[in-house]
Amino acid sequence: MNTGEDRKPQGVRPSLFLERQSYRRRRLMDAARLLPILGAALVAIPLLWPSQGSSDDGVPLSSAILYIFACWALLIIISLIFGFAARRMVVSDDAEAESD
């Protein structure tokens, strides 16, 4: 009969939580990976608009082109923001490593 004396003690479990900086960096990378999917969805929206040939309520082609250009510009701005944020995180990580 086992009385519990034969059991091996369990080691210390590793922490499930990440450091704040590495957690933020990973979430920023995840958001950057989802950016092309967001861009594809935004650019595909004009495909759902009614065409001019089917009714009088159609959207003019010039409006669709302006919408696509605005989405393109917005994606570039968001990419720049992600790039600056990633660069700032790397600089703060390097500063913390040098102080240790």
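Determine whether segment 42-51 contains at least one residue that is among the hydroxyl-bearing types (Ser, Thr, Tyr) and at pLDDT 75 or above.
Scanning segment 42-51 turns up no residue that is among the hydroxyl-bearing types (Ser, Thr, Tyr) and at pLDDT 75 or above.
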Tally, over segment 30-50, of residues that are surrounded by 13 or more Cβ atoms within 10 Å (Cβ to Cβ) and either without any contact (Cβ under 8 Å) to a residue 12 or more places away in the chain or not in a loop (DSSP other than H, G, I, E, B) (or both): 8
Verdict on ALA73 being on the phi < 0 side of the Ramachandran plot and either at pLDDT 95 or above or among the hydroxyl-bearing types (Ser, Thr, Tyr) (or both): yes
Flag if SER63 is surrounded by 10 or more Cβ atoms within 10 Å (Cβ to Cβ), over 27 Å from the mean Cα position of the chain (by Cα) and at pLDDT below 90: yes
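The values are calculated or read from the model by the stated rules, or taken from the named source; none is laboratory data. As the structure is a computational prediction, the values presented were derived from the model and not from experiment. Reconstructed Cβ throughout: ideal geometry from the backbone, glycine too, with neighbour counts over all protein chains shown.
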